[in-house]
Amino acid sequence: MNNYYRIKLSDCQYDFLIIATTHENPVNSFLYDNYISFVENGKVAFDLTVINGKSFNRYAFAEVKNHKIIIPSITVSSTADESITNKSDCFFAQHLDIIEKSILPKALKFLLINELKKKLLNN
């Protein structure tokens with residue numbers, strides 16, 4: 001089983017959103033493997049919520065060339081384009097168990113799950 005879920009994007013500057021689904025950071029996995037099979041050239045966004053919560057390094061962004069992450073291109077942020085956050089929220093709302101099983105503190109899990117449930121009710 002992968003430690004991530006990928007979503008093809010078409011409505012923003014990134015080609016894929018890669019959502020961490022375990023405590024293992026997919027950025028590190030791709031750097032270790034020195035290969036991303038599903039991206040030859042482009043830009044990727046990583047959602048690391050289940051690892052870092054909503055801290056300053058919730059998202060990571062990188063360029064990919066010849067199936068490899070260009071290390072100097074990696075940046076981190078607490079925010080992302082609305083299209084990315086919406087896709088992430090939708091994914092997590094449908095997979096609350098991923099948050100439940102995460103390494104995050106119980107209080108943060110509670111807050112994230114309730115925030116996602118509220119968003120679902122409002123849509």
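Any read-out appearing in this document is the output of simple, stated calculations on the displayed coordinates, not a laboratory observation. A quick note: this is a predicted structure, and the numbers were derived from the prediction, not measured. Cβ placement follows ideal geometry from the backbone for every residue including glycine, while neighbour counts extend to all protein chains displayed.
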Fill in: Fully extended contour minus Cα-Cα distance, from Thr22 to Gln94, at 0.36 nm per residue
24.3 nm
Item to complete: In nm, give the distance between the simple-model label positions of Gln13 and Ser78, each being 7 Å from the Cα along the Cα-to-Cβ direction.
Response: 2.1 nm
Item to complete: Select from the chain the helices, each a whole stretch of DSSP H, whose alpha-carbon atoms run 15 Å or more along the helix axis and whose Kyte-Doolittle mean is at least 1.6; answer none if there are none.
Response: none
Practice prompt. Quickly work out the Lys117-to-Asn57 label distance, labels modelled 7 Å from Cα along the C-beta direction, and quote it in nm with one decimal.
Written response: 3.1 nm
Worksheet item: With labels modelled as points extended 7 Å from the Cα through the Cβ direction, what inter-label distance (nm, one decimal) is found for Arg6 paired with Asn86?
Response: 2.4 nm
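Highest first, please rank the peptides 47-57, 91-101, 28-38 by the mean number of other Cβ atoms sitting within 10 Å of their residues.
Result, highest mean Cβ count within 10 Å first: 47-57, 91-101, 28-38.
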Worksheet item: Across bins of 5 angstrom width beginning at 0, how are the C-alpha pair distances of the chain distributed, in whole percent?
Response: 2, 11, 22, 24, 21, 11, 6, 2, 0
